[in-house]
Amino acid sequence: MSNLAAPIGDGHTLLTDEDRAGLLQRDIATWQELFDAEQRNIAKALLRPKPRLPTLLDDKYLRGLHKAMFGDVWGWAGRYRTSDTNIGIESMHISAAVRDVTDDAAAWVEHETYEPDELAVRFHHRLVFIHPFVNGNGRHSRISADLLVVNLGRDTFSWGSNLDTSTEELRQRYIAALRSADAGDIDDLVRFARS
């Protein structure tokens, strides 16, 4: 599952020393300030030229996208995590798993295995399930899926109309859809992506 990137509590909660590990902007003190800095960095990253296939389906590109999205805020941006977490796969398997999902997605595109929406959502789900980065996995995988679906001739997803600043109810719907996909049923996540 993804880190949904919402500020903790009312956003005024102070970051702990552990939360600040790797933070480049040392003047950030609260979760809201962190969220705002990350959102500014993501907005800047989205101004970059959009990739075309097959560039998008490459682990080097995906790491570069993460760095572009979070590199003004975090020193570890664009680098796969090296420690295990309570979500995601073991860190020692991340690089191979990302290559597997990019290779699978390239084959799905080539053979038109799935309709564009389902293909891009499956790509999103696999990336967020791997949880390759310390943080930002949900946002990174949603943007990656948006870039992919646009390459396949469709509009970007709505993800419940701005999941990053949404209500708790919307977040819970997204989490439930991810859990359904974890169990093998992708339909709820595909519907959520277009809701």
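Details
- Among the residues of the range 102-123, those identified as in contact with an Asp or Glu (Cβ under 9 Å, 6 or more places away or on another chain) and under 23 Å from I42 (Cα atoms) are T102, A120, R122, F123.
- K60 more than 29 Å from R173 (Cβ to Cβ), buried (at least 17 other Cβ atoms within 10 Å of the Cβ) and without any contact (Cβ under 8 Å) to a residue 24 or more places away in the chain: no
- Residue selected from the range 132-156 under the condition in a helix (DSSP H, G or I) and among the hydrophobic types (A, V, I, L, M, F, W, C), by the criterion surrounded by the fewest Cβ atoms within 10 Å (Cβ to Cβ): V150
- Restricting the range 78-88 to residues that are crowded, with 16+ Cβ neighbours inside 10 Å and of a type outside the set (K, R), the residue that is farthest from L178 (Cα to Cα): G78
- Of the residues making up the range 165-194, those that are surrounded by 14 or more Cβ atoms within 10 Å (Cβ to Cβ), assigned to a loop (DSSP other than H, G, I, E, B) and among the polar types (S, T, N, Q) number 1.
- Taken over the range 100-123, the residue count meeting the criterion of being within 16 Å of T55 (Cβ to Cβ) and either surrounded by 15 or more Cβ atoms within 10 Å (Cβ to Cβ) or at pLDDT below 95 (or both) is 7.
The values are calculated or read from the model by the stated rules, or taken from the named source; none is laboratory data. Remember, it's a predicted structure, so these values are computed and weren't measured experimentally. Positions of Cβ are backbone-derived with ideal geometry, glycine not excepted, and every protein chain shown enters the neighbour counts.
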